[in-house]
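What follows is a single structure, written as structure tokens, with notes after it.
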């Protein structure tokens, strides 16, 4: 085999790394991602890619889910409660598209807690990558990722908040800060 003739896409390489049990560190806003991967996050509402192979976003449309499937996303983790507007048909859409669907309902600030962070961690352990984690605006997503970093990864409060910001927390940041103190 010639040098350079074997190429893995960034996402395939991430799948190999994750399969070996390595825990990724959060990337800077756009560092560490290939242009194609970063571009995928840019196509979603409030989209980000805080770690290779893990996208965070606000509520995607049906067309967004089709695009995600076409670009290789295998799992969708929804943090919205089923009664929220625009969520009723999502489980059916995801199933029709052949992707795995996981629901972890987070009802506003009251649902942002260590238990939810543990549920997200368990889901990510078994989720086939690449994975999308979303809520309405990515605010709850970032909040739960911050708590996951603090409680399960042993990050400091400030490092956990930075992870939350890179994942989408905005209005819930003060609430999360209070939970980390």
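The values are calculated or read from the model by the stated rules, or taken from the named source; none is laboratory data. Being a predicted model, the structure only gives us computed values, none of them experimental. Glycine also receives a Cβ, built like all others from the backbone with ideal geometry; neighbour counts cover every protein chain displayed.
Among residues belonging to segment 62-89 that are closer than 16 Å to residue 106 by Cα and either under 18 Å from the mean Cα position of the chain (by Cα) or not in a loop (DSSP other than H, G, I, E, B) (or both), point out the one that is modelled with the lowest pLDDT.
Looking at the filtered set, the residue picked out is 87.
Being more than 19 Å from residue 151 (Cα to Cα), surrounded by 15 or more Cβ atoms within 10 Å (Cβ to Cβ) and in contact with a helix residue (DSSP H, G or I) (Cβ under 6 Å, 6 or more places away or on another chain) is the requirement here; does residue 102 meet it?
yes
Is it the case that residue 141 is touching a strand residue (DSSP E or B) at 6+ places or on another chain (Cβ under 8 Å) and part of a helix (DSSP H, G or I)?
Against the criterion (touching a strand residue (DSSP E or B) at 6+ places or on another chain (Cβ under 8 Å) and part of a helix (DSSP H, G or I)), residue 141 qualifies.
Report the residue count in segment 65-92 for those that are surrounded by fewer than 18 Cβ atoms within 10 Å (Cβ to Cβ) and touching a strand residue (DSSP E or B) at 6+ places or on another chain (Cβ under 8 Å).
So the count comes out to 3.
Looking at 97, 13, can you tell me which residue is modelled with pLDDT of 95 or more, surrounded by 11 or more Cβ atoms within 10 Å (Cβ to Cβ) and more than 14 Å from residue 137 (Cα to Cα)?
The match here is 97.
Might you check whether a residue that is surrounded by 16 or more Cβ atoms within 10 Å (Cβ to Cβ) and without any contact (Cβ under 8 Å) to a residue 12 or more places away in the chain occurs anywhere in segment 168-181?
The answer is no, given that none of the residues of segment 168-181 is surrounded by 16 or more Cβ atoms within 10 Å (Cβ to Cβ) and without any contact (Cβ under 8 Å) to a residue 12 or more places away in the chain.
Got at least one residue in segment 105-112 being buried (at least 16 other Cβ atoms within 10 Å of the Cβ) and touching a strand residue (DSSP E or B) at 6+ places or on another chain (Cβ under 7 Å)?
no
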